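Reading through the structure tokens given below for one structure.
The values are calculated or read from the model by the stated rules, or taken from the named source; none is laboratory data. Here the structure is a predicted model, which is why all the values come from computation and not from measurement. Don't worry about glycine lacking a Cβ; one is built from the backbone with ideal geometry, like all the others, and counts go over all protein chains shown.
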Amino acid sequence: MSDLPVPGGGAEAAGVARGIRPGGRPPGAPRNGSGSSSWITVVPGARGLRLIERHARFYRKLWLLVASGAAEPLFYLLSVGVGIGGLIGTVAGPGGQQVPYREFVAPGLLAVSALNGALADSTFNIYGRLKFEKLYDAVLTTPLGARDVAFAEIGWAVLRGMIYSVSFLIVMAAMGLISSPWAILAMPGAGLIAFATAAIGVFLTSFMKSWQDFDYVMLVSVPLFLFSGTFYPISVYPHVIGLIVEWTPLYQGVVILRDLVLGVPSPDLLWRAAYLLALGVVGLSLAGRRIAKLLLV
């Protein structure tokens, strides 16, 4: 699971990296509330777009490090999908069709890419901003509120998950692992995985007291990665274990992306997508309340 360095504090936090002006209005916002940016003042959470802009400006200098999020799943694809897959041959894919093992594994690793990107920013990085940088102390001197902060952090984590996913999807295309036009919908599917992960991640991170608490993140994320149908069908599990796995967001995401990339979508994808969306919406609401409680005490 990737853990990129969090942005530094000090002057960078005080200035919010030019994306927000402490004590003033966001750059480009009209003085009288009219104009093209006026919707930002009325749409709930929309002011958080300014904080997302701030993060984008900061990470612009680290774009290669962010894009490298595709490296970890690529290593698994080469070692397991191609290496071990050469010994396995074909496996039963969605609908019972036989597919090369590497084509079975690749969509699962695409789902993992979305999870990894969202998890990095919604846990490790936001904890650093909350506990050490005091970045949000500067943010709250602007028109942004605590709920805008929650919206922005979840939004940025989703964007990072999408960056990871796009990078890995390009790798899949280069390796000839995409053969269906349905694969174009894999990006919205990856976005849903990232949204559910980010919203839940920000909410749970708000309860963490020390870096040692992140051992629990690894305790959950590693089994999710290994046992959510990424490398083999969950039909190999006992019935009860399979039912538990089916409720995990990563498993639902793996099924969605695998069906789309292999070109065998089914109506079941709609309720799976709705499930991920519902997890994200509930997590966003809970995270907003928790962040408000932490920042406005």
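Just a few scattered comments:
- Criterion applied to ILE52, ILE88 was being under 30 Å from ALA150 (Cβ atoms) and either out of contact with any strand residue (DSSP E or B) (no Cβ under 6 Å at 6 or more places or on another chain) or of a type in the set (Asp, Glu) (or both), and the one residue passing it is ILE52.
- Scanning region 208-236 for residues that are more than 23 Å from VAL80 (Cβ to Cβ), exposed (fewer than 14 other Cβ atoms within 10 Å of the Cβ) and either touching a Gly at 6+ places or on another chain (Cβ under 8 Å) or hydrophobic (A, V, I, L, M, F, W, C) (or both) yields one hit, TRP211.
- A residue that is at pLDDT below 95, surrounded by fewer than 23 Cβ atoms within 10 Å (Cβ to Cβ), closer than 22 Å to VAL112 by Cβ and among the small types (Gly, Ala, Ser) cannot be found anywhere in region 286-293.
- Residue satisfying condition, being closer than 17 Å to LEU192 by Cα and small (Gly, Ala, Ser), within set GLY229, GLY242, GLY263, GLY253: GLY253
Residue-wise test of (1) within 30 Å of PRO233 (Cα to Cα); (2) among the small types (Gly, Ala, Ser); (3) modelled with pLDDT of 85 or more.
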site: LEU109; (1), (2), (3): yes, no, yes
site: ASN116; (1), (2), (3): yes, no, yes
site: GLU133; (1), (2), (3): no, no, no
site: THR142; (1), (2), (3): no, no, no
site: ALA150; (1), (2), (3): no, yes, yes
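- Residue within region 168-182 that is loosely packed, with under 13 Cβ neighbours inside 10 Å, modelled with pLDDT of 95 or more and more than 22 Å from LEU78 (Cβ to Cβ) present: no
- Selection count, region 95-149, where residues are touching a residue at least 40 places away in the same chain (Cβ under 8 Å), farther than 25 Å from MET208 by Cα and not in a loop (DSSP other than H, G, I, E, B): 12
- Residues (touching a residue at least 24 places away in the same chain (Cβ under 8 Å) and within 17 Å of the chain's Cα centre (by Cα)) located in region 256-274: ILE256, LEU257, ALA273
- The lone criterion from (1) farther than 28 Å from SER285 by Cβ; (2) surrounded by 12 or more Cβ atoms within 10 Å (Cβ to Cβ) left unmet by VAL240 is number (2).
- For the condition under 24 Å from VAL99 (Cβ atoms) and at pLDDT below 95, GLY189 does not qualify.
- So GLY161, is it part of a helix (DSSP H, G or I), modelled with pLDDT of 95 or more and either surrounded by 19 or more Cβ atoms within 10 Å (Cβ to Cβ) or of a type in the set (Val, Ile, Thr) (or both): no
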